[in-house]
1. For Glu195 and Lys208 in one chain, what is 0.36 nm times their gap in residues minus the Cα-Cα distance, to one decimal in nm?
2. For the chain, go through all pairs of different Cα atoms, get the mean of 1/r, take its inverse, and jot down that Kirkwood value in Å.
3. Contact order normalised by length for region 102-242, with contacts defined as Cα pairs under 8 Å and 6 or more residues apart; what percent is it?
4. Set Lys and Arg Cβ to +1 and Asp and Glu Cβ to -1, take the dipole of the chain about its Cα centre, and tell me which of Ala171, Ala10, Leu98 lies farthest positive.
5. Under 15 Å from the Cβ of Asp168, count the other residues' Cβ atoms, weight Lys and Arg +1, Asp and Glu -1, and hand me the total.
6. Which one of Gly72, Phe113, Phe136 has its Cα pushed farthest toward the positive end of the charge dipole of region 68-171, where Lys and Arg give +1 and Asp and Glu give -1 at the Cβ?
7. Note down the net charge around Phe145, summing +1 for each Lys or Arg and -1 for each Asp or Glu among other residues with Cβ under 14 Å from its Cβ.
8. As a footprinting exposure proxy, order Val109, Val70 by other Cβ within 10 Å, with the fewest listed first.
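Coordinate-derived values only; no laboratory data. The structure presented is a predicted model; accordingly, all values stated were derived computationally and were not measured. Cβ placement follows ideal geometry from the backbone for every residue including glycine, while neighbour counts extend to all protein chains displayed.
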Amino acid sequence: MGQRLMCVVAHPDDECFAFGGALALAADRGIETSVLCFTDGQAATHRGSAESGTELGETRRREFAESCTVLGVTEHEVLGYHDAQLQNVALFEATEHLVRHMRRFQPDVVITFGSDGGLNSHIDHMMVSFWTTTAFHWAGRSNRFPEITSVFQPRRLFHLSTDAFLPDRQAPLPSPWTAALDIARVRERKSAAFEKHVSQAPLMERTKPFFAEHGGTEFYTLVAESDPHPARLLTDLFESLD
């Protein structure tokens, strides 16, 4: 079995604006990728032509799928929770979805938001970070959800970090990064994936100057690994993994 990368996000468009470089780079190397999105984005400020939350959710699911296609994602899924309400989801319920997915897909590397909530400190991002971190550890433990197939321990967990902040938001306190990915050769594809989220066009326009200045590198923090060792700076999420 070849190498595999799993990405866990909160909303449609997270997959490209936050993790698009890592996903596209992995696809180019033949690494299988899976993106799990908790909500269909019905609470978004920008709603395009949608006349109801249900219609917006359907639109954003379609945009998410088109974005994943541009990035070369192998498989993707939207779980359908309500955005801006993830703090009300029970820990075991949310984590069970992720443990089930990890044991089935068997990723070598898992990426998600940091506990700071990303560039905009979104609480949904914080919750997804917490659940994914918990699931990473529980997926390899036989006493957690023993009814879900056999255990599987992913080898590395990375949280998204950053060296710059959106100018109209209070800056979070991100973790110092231990991986810096040069995404120059897939940068246009990352932008093209974001452009598939037509309903979010005003957001794209507002953030375009920021990504033009800071979008050449994606930063991640290695927060867990199956083999203990001192921290080191990586330029590849799969570096030294056989």
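1. This chain segment gains 3.6 nm when fully extended.
2. 17.9
3. Working: 209 pairs, mean separation 41.7, N = 141.
Result for region 102-242 is 30 percent.
4. Leu98
5. My count for the surroundings of Asp168 gives +1.
6. So the residue we want is Phe136.
7. On the way: positive: Arg100, Arg103, Arg104, Arg141, Arg144; negative: Glu93, Glu96, Glu147.
Its environment carries a net charge of +2.
8. Val70, Val109
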